[in-house]
Each structure stands twice: as structure tokens, then as C-alpha cells.
Amino acid sequence: MTSGAGIYFDGRTSARRDVRVTLAADTLHIDGADGRPLAQWRYDDVQELTAPAGVLRLGRHDSATLERLEITDVAFASAIDVRAILVDRTGALQRRQRASVIGWTVAATASLLAVAYFGVPALADRLAPLVPVAAERKLGDAVDLQVRARLDNRHLGAGFACGAAPSERAGRAALDKMMRRLSDAAQLRMPLTTEVVRRREANAVTLPSARIYVFEGLIKTAANPDELAGVIAHEIGHVAHHDGTKAVLQAGGLSLLFGMLLGDFIGGGAVVVAAKTVLQSSYSRRQETAADAYGAALMKKAGGDARALGTILAKIGGATEPGMAILRDHPETRARIAAIDRIAGPHPAHPFLDAADWAALQHICAR
Amino acid sequence: MSSPTANEPTAGGVRFLGTRRDYWRLLSRGAVLLILTLGIYRFWLTTDVRRFLWGNTEIAGETLEYAGTPLELLIGFLAAIAILIPVYAGFFVAALELGPIGEISGLAGFAALFVLGQYAIYRARRYRLTRTIYRGLRFHQEGSAWGYALRAIAWWIATVFTLGLAYPFQLASLERYKMRHTYYGDLAGHFAGSGFGLFFRGLPMWILVVAPVALAVGAFVEAVDWTALGDALSQGGDDVMARIEGGNPALGNVIVFAMLMGGTTVSTAALLYPAFQALVLRWWTSGLRFGAFETRSKLRTAQVYGAYMRFLWWALVFSIGLAIASLPALFVIGLVSDRGTGGEIAATLTALAGYVIAALGYSTIYRATVMLSLWQLGMESLQLSGLSALDTVQARGRASSPLGEGLADALNVGGY
Ligand SMILES: [Zn+2]
């Protein structure tokens, strides 16, 4: 079958023309009802376009206009299909293309997940040390406002930080003595500031501006000055590693990957939240492990008892252990203690504070 | 070539040639791939959907053709991200620099993104129009996207402050702006619908929805002893609520009344929503003009309710299926959840997959029932006149960039 009827639009006007299509050796001839030639298309250029079932709609690849030829005769349509490479009425070409699209998009998803797990923290590790001190300080100040708002117990009648009242000054002096020994050993690019805040939890918080909030409850939990110094050394580790800045960079990178590239479909919100939580917990666990190692090494360098960090962790960690392992932002306590002990090794320790100073520090929140 | 009737040209009408089954297959395959690719497949699904809807819509004997490609959408999206990253980073730095007044910068950022969203809506419409081909000619759109965005913002503010009463005029004004810059080849479009026409038809619905809220507010103003309330608040402290109740014995009843009225408003709005959609769709499609070519809609409200009934029916079937399928899943979660980290991960993934399947399932059913029906009914209820105006159109306009679509996607303001 080498000729048949068609409908032709020349791409310059909207006129609809009934045409006669003739299939020659290399080209397809389109002639008007009056026999006047309208167009000649090379088979290699002929392209199949989307159309409803029962219509073969053809156009020309790389054509300047949107000229269209429509064929409804089944037998004639397959005669064109045989001649034109880009036309495939069986759908095999389309299925192949779709399969490769599916393959590539699934592969892209897998590689983006790999970027989220390995790439984002690695990139944050490289970028964080390059962030200027001034920017880190500003970030710390911004976080400080929120942290203070969350921690402030002023309505209980006392000030936010301990150590200002006359009865607390001796404790403050003892803390300063401890901090001097630690920061001399640490040699950071930003000066450390430490405050003790009136909170009952045994905890400490570090801001990107090298500000450490030690909770009153932590001092109450510590059996000796070295245990307290160990936790502060761990927190100094967060400062030295720029962990606050890294967390901001990681969160930004994750928001870009999840929520923008990935997870933008109905029901995807839950995937985004779950993926972010799991990944951020995993980043956080890596940072805690690194801070433990730094803290133990710093204690050793400062001549204190590096194992004390482990002994106080055993007391603090136990209470916060239950929950799902993949959602925990700290590594398992026993593993942490074992790692700290490996670093500490056997070495002589010289207590961080004498008995009188330690007694004063324990009453830094006397008022 | 399935049905022999598929290509009998209908002289003056609009027909939809697609079958529900084909659309359903396209959407459900797309939903599975969306999950597997965590959403990256959306560019391909969007293109498939548009090809299906456009390609099966026959106007006066010729079908539309959607000529956009998924890769264009992907590139547009990546370009949009490249623009948005510095914008987001700028907001972050501004918030840091400003310190305590950072919250204001957050608000300004939200407003800026809203304007950008309106800009994206106009640019995305331009992309879709220039990828719409009819009788060998493309549509196109002129006009300024920023001009549109500013108009849209002004109207949104007016609509919010008038509790929605300005909405018909907003729709009319923005549609006039869009249509007067829309062309089929060299044939200029315009919009003939009037804001008043929609306003008076929609007013009864507005009153039915707003009246309960107004009653509740009135009851509050009536019942509350304002001096007592002022005293109670100014004293401060932890027992403010107790003192407010002491000073206003009738307050409890009024709160119950307000909650009842709030419930009435929500359920009335839900029940009237299909009627509202039918009203707007009929009004909008009756006002579209290209030169002497005119459309009139004969859409009946009952048809739109029918589409929602179909949605409810299939949603019910899906819910029952989901409930049955979740029983073995819950059993498996119970078995593995105390088997260490691996069990935890398996349980979490199962629960997450269940949620995603449910959400995507309902949305797929909605698209396959309500959205397809609205398209089909909206098109098939059209009566065309002045068709001869379409016979002598000359080609004009060029394919535009897909950046608008990308921005709309990144800012979540997309349409079809
Ligand atoms: Zn830590």
C-alpha cells in the first residue's frame, strides 16, 4: 500500500486540508485534493506525536513549523511505520524508552540517598572550618536567644546563670580555674565562655559561638571535679569540630535533597520527616563519637583523668537509653565508655580541683 | 486503532475521547513509580497526564496536542532550585544579621516567596500554552509575569480582608489579564465573564458558610463581660483562665455554641464545595473568547456531585482493601519490632510505606475520579460558536522556557 488519505496542517495557518499521501522510496509526498504538491518529508525525519487512539499523528523532527499529518487508515499507518524509523506503532520503542527512564530515575534516587548519607556530612565537615569566626559567632548568638528562652527558669526567683551572687563567687572562681586548664590545653580559635544554669537535668549544651551552658544538675551528678571536666572537655570537642555550624549546614543540605528534589509528592511529607530524622540522628551519633574522643584526649593532655568522662556517662546515659536505635542521637553508652577507656589508657592523673575548690564549685548555684 | 467512532469529526462540539481505564492505568503506574523514585518520577507523570488530557480533547473535530517533555520540566526545576538556593541562603543570613528582629525577616521572606509563587503561576501557564498545539499552530501568552504577580497579590489582600467577598472580582480581573494576553496563533483571546455575575450567584453559598461564624462571634460579644475580662487579663499570673470563667458565668455555654457553629460552617462548606466548583467552572468556561470564537457552558451542578460520589465510593473500596491488607502487615510489625535494629528499621519502613500508600492511593483516586470528571465535564458541556474564526489563523509565538513550571513545582503552586 503506497498511497492513502490524510489530513494535513501546514504549520503556517490553521487551515485543515484533506490530502493524498504517497510513499516514495526515501520520501513521503503530501499532495492537495487538487493534486498540487504541498510537502515532501524524508522518512528519517518523520516523527510520531501524541494523539488519541485510532489516529497516527506525524510531524517532522527539527522542523521550524508545527506542520502535522494525520492518518486514520490502519493499513496505511502501518505502511508508514515500516518505512519511518522514528515511528513505531507496536509501542516497543516507547516501552524501551519508558523502561530506561524508570531505570535512570530509580538509579538517581539511590545515588541521591547515598549523597544524603555520605555526601552531606562530608561536605559539611569540609565547609564548617571555612566559615568565618564572625559568622559562627552570629549564628551562636541567634541560637543563644532560643536556648535561653527554652532554659530560662527566672520565674523561679533566681537569675538565669549562677555565679553572680556574693555567695556564688567562690564557685565561679573554681569553675574559671577548671576552664583555664582545659582551654590552655585545647588552644581554640575562639575564646570559650562557660555559664552554669539553674536546671535540674544532668546535661550541658554547646553553641556555635563557643558558649557552653553547664546545667546545675550535671555538677550535682559529678562525683569529682574530673567527671565534670570530662563532660566540659567533650563539649569543647563540639566547639573544636564546629559541630553547631555543621548541623546548620547539614540541615540545609538535607532540606535541599529532601523536600525539594526528593519527597515532593502526596504522602511524601512523612518520608521527608522520617528520612531527615534518621539521617540527622546518624550525623549526630558520628559527632558525639568524635567529641568523646576529643574530650578524652583533651583530658589526657590537660593531665586529668580521661576515664572520668566514661564514669559520668555511665550515670547520665542509663536514663536516656530506651527508644529506637536508628532514632537515637547519641551512640550506645557502653560503646562510648569502652572507646573513651581505650583512648585514656593507663596514665597518672592530677585532680582538676582541690577539695576546697570542688566544694565551692558544687555551691555555685547556692542562691 | 480501537474504536471506529473515535475519529468521526463532530462539527461544532467538544468531545473527550479518553477512557477512564487508560487514565487509571497511567495514574496507578505513576503512583508506584513516585514511591520507588521518592517523587523524581513526577516530571514524567505530569507530562503523561497532560498528553492524555490534551490529546483526548477533541474540539470541532481536531484534538489538542501537548508537546512538552519531561526533560524540559526537570531542567526547569533544576534552574528554579539554582535561583531559590541563593534566595533561601539570603533569608538565612538576613535572619542572622538582624538577630532579634529575625522573625520579621522570616515574614518578609514568606511574602517574597508568595509573590514569586504568583509569578511562577503566570510563567507556568505560558509554558503550558506554548506547548499546546491545535491544527498545527501553538498557543502563546504575552504580558508581564511580574505585572500579574502584583495584581494577584493586591487581589489576595482584598479577598482576605473582605472575608472572600472580593474573590469573584479577583477571579474575573486575573482571568481578564490572562486571557487578553493569550493567543491562538495570531488570534487574540479575551475573557467575557463578569465579577458581578459570579458574585451574585455565589453570594447565597457565602452567606450559608459565614452565617454560623457570625452568629458565634455575635454571641461572644453579647455574653462576655468585657470589663471583667480586662481585669482578669491585666492581673496576669497562672490562674487567668479560672478568673475569666469566674467573671463570665455564661462563657461556657457560649464556647459550646461557638464550637457547634464552627462545625456547621465546616460541614456546610464541605457539602457546598462541589456546587461552588461547578459554579466557578461554568462561569469561567462561559467567558472564554478567541476573536469571534465563543464558548458557553451547559455544565450541571448535579454532574459535579456525581463525580464526588464516585470518588467517595472508590475511596471506601480502597479503605476496606487497605484495612484488610494492613492486618498481616501489623502482624509482621509485631513479630519483628523487638528483634534489634534490623527489626526496628523493618517496622518503621512498613508503617511509613503504609502511610505513603494510603495518602497516594486517595490522591490517585481523587485525580482519576474528580479531576478527570471536571476536565471531561467542563469540556463536553461546552457549546461552541463562531468556529469559522479558527479557520484562518496564522502561526505566531515561540516555545517558552520551562522555568516557571520549575518554580511552581519548587514552591508547590502547580496546577495540572
Ligand atoms: Zn555531645
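Candidates in segment A:6-19 are the residues that are free of Cβ contacts under 8 Å to residues at least 60 places away in the same chain and among the small types (Gly, Ala, Ser); of these, the one that is most open to solvent (accessible area, probe 1.4 Å) is A:ALA15.
Being part of a loop (DSSP other than H, G, I, E, B) and either more than 8 Å from chain A (Cβ to nearest Cβ) or closer than 23 Å to A:ALA110 by Cβ (or both) is a description that does not apply to B:ILE35.
Of all positions in segment B:85-94, at least one carries a residue that is modelled with pLDDT of 80 or more and closer than 17 Å to B:GLY404 by Cα. So which residues in segment A:240-292 are small (Gly, Ala, Ser), open to solvent by 20 Å² or more (accessible area, probe 1.4 Å), out of contact with any Phe, Trp or Tyr (no Cβ under 7 Å at 6 or more places or on another chain) and within 16 Å of the ligand (Cβ to nearest atom), if there are any at all? Correct list: A:GLY244, A:ALA247, A:SER284, A:ALA290. Taken over segment A:293-307, the criterion of being away from the ligand (no atom under 16 Å from the Cβ) and either within 14 Å of another protein chain (Cβ to nearest Cβ) or part of a helix (DSSP H, G or I) (or both) is satisfied by A:LYS300, A:LYS301, A:ARG307.
Within segment A:210-233, being among the β-branched types (Val, Ile, Thr), within 15 Å of the ligand (Cβ to nearest atom) and open to solvent by 30 Å² or more (accessible area, probe 1.4 Å) holds for no residue. All of (1) β-branched (Val, Ile, Thr); (2) exposed (fewer than 15 other Cβ atoms within 10 Å of the Cβ); (3) within 30 Å of A:VAL272 (Cα to Cα) hold for A:VAL101 with one exception: (2). Return yes when A:ILE236 is within 16 Å of the ligand (Cβ to nearest atom), open to solvent by less than 10 Å² (accessible area, probe 1.4 Å) and assigned to a helix (DSSP H, G or I) and no when it is not. Taking the combined requirement at face value, the residue satisfies it. Would you be able to say whether some residue in segment A:194-209 is within 14 Å of chain B (Cβ to nearest Cβ), surrounded by 20 or more Cβ atoms within 10 Å (Cβ to Cβ) and either more than 24 Å from the chain's Cα centre (by Cα) or within 16 Å of the ligand (Cβ to nearest atom) (or both)? Checking segment A:194-209: at least one residue is within 14 Å of chain B (Cβ to nearest Cβ), surrounded by 20 or more Cβ atoms within 10 Å (Cβ to Cβ) and either more than 24 Å from the chain's Cα centre (by Cα) or within 16 Å of the ligand (Cβ to nearest atom) (or both). Just so you know, in segment B:273-292 the residues that are part of a helix (DSSP H, G or I) and open to solvent by 40 Å² or more (accessible area, probe 1.4 Å) include one that is farthest from B:SER385 (Cα to Cα), and it is B:TYR273. Selection of segment A:43-91 for residues being within 9 Å of chain B (Cβ to nearest Cβ), touching a Lys or Arg at 6+ places or on another chain (Cβ under 8 Å) and of a type in the set (Val, Ile, Thr) yields A:THR50, A:THR65. Exactly one residue among A:LEU93, A:LEU112, A:LEU86 is modelled with pLDDT under 85, in a helix (DSSP H, G or I) and either under 19 Å from B:LEU26 (Cβ atoms) or not aromatic (Phe, Trp, Tyr) (or both), and that residue is A:LEU93.
Candidates in segment B:59-74 are the residues that are more than 8 Å from chain A (Cβ to nearest Cβ) and over 26 Å from B:SER297 (Cβ atoms); of these, the one that is most open to solvent (accessible area, probe 1.4 Å) is B:LEU71. If you check A:ASP184, A:ASP125 for being more than 16 Å from the ligand (Cβ to nearest atom) and either in a loop (DSSP other than H, G, I, E, B) or outside the structural domain of A:ILE312 (by TED's automatic domain parsing) (or both), only one passes: A:ASP125. The numbered conditions (1) in the same structural domain as A:HIS238 (by TED's automatic domain parsing); (2) closer than 28 Å to A:LEU249 by Cα are all true for A:MET179 except (2). So which residues in segment B:132-146 are assigned to a helix (DSSP H, G or I) and either at pLDDT 95 or above or open to solvent by 40 Å² or more (accessible area, probe 1.4 Å) (or both)? Of everything in segment B:132-146, just one residue is assigned to a helix (DSSP H, G or I) and either at pLDDT 95 or above or open to solvent by 40 Å² or more (accessible area, probe 1.4 Å) (or both), namely B:TRP146. Considering segment A:20-40 alone, what residues qualify as being open to solvent by less than 20 Å² (accessible area, probe 1.4 Å) and away from chain B (no Cβ under 14 Å)? Hits for segment A:20-40 are A:VAL21, A:LEU23, A:LEU28, A:GLY32. Take the conditions (1) on the phi < 0 side of the Ramachandran plot; (2) more than 14 Å from chain B (Cβ to nearest Cβ); (3) loosely packed, with under 11 Cβ neighbours inside 10 Å; A:ASP152 misses just one of them, which is (3). The set of residues in segment B:121-131 being within 14 Å of chain A (Cβ to nearest Cβ) and part of a helix (DSSP H, G or I) consists of B:LEU129, B:THR130.
Exactly one residue among A:ARG68, A:ARG83, A:ARG57 is open to solvent by 60 Å² or more (accessible area, probe 1.4 Å) and not hydroxyl-bearing (Ser, Thr, Tyr), and that residue is A:ARG83. Of B:VAL221, B:VAL217, B:VAL213, B:VAL115, which residue is among the hydrophobic types (A, V, I, L, M, F, W, C), part of a helix (DSSP H, G or I) and under 20 Å from the mean Cα position of the chain (by Cα)? One residue alone meets the criteria, B:VAL115. If the condition is being open to solvent by 70 Å² or more (accessible area, probe 1.4 Å) and modelled with pLDDT of 50 or more, then segment A:312-323 contributes only A:LYS315.
The values are calculated or read from the model by the stated rules, or taken from the named source; none is laboratory data. Treat the numbers as computed from the prediction; the structure is a model and nothing was measured. Glycine gets a Cβ as well: all are built from the backbone with ideal geometry, and neighbour counts include every protein chain shown. SASA here: full protein model, heavy atoms, side chains in, ligands and nucleic acids out. Shrake-Rupley method; radii C 1.70, N 1.55, O 1.52, S 1.80 Å.
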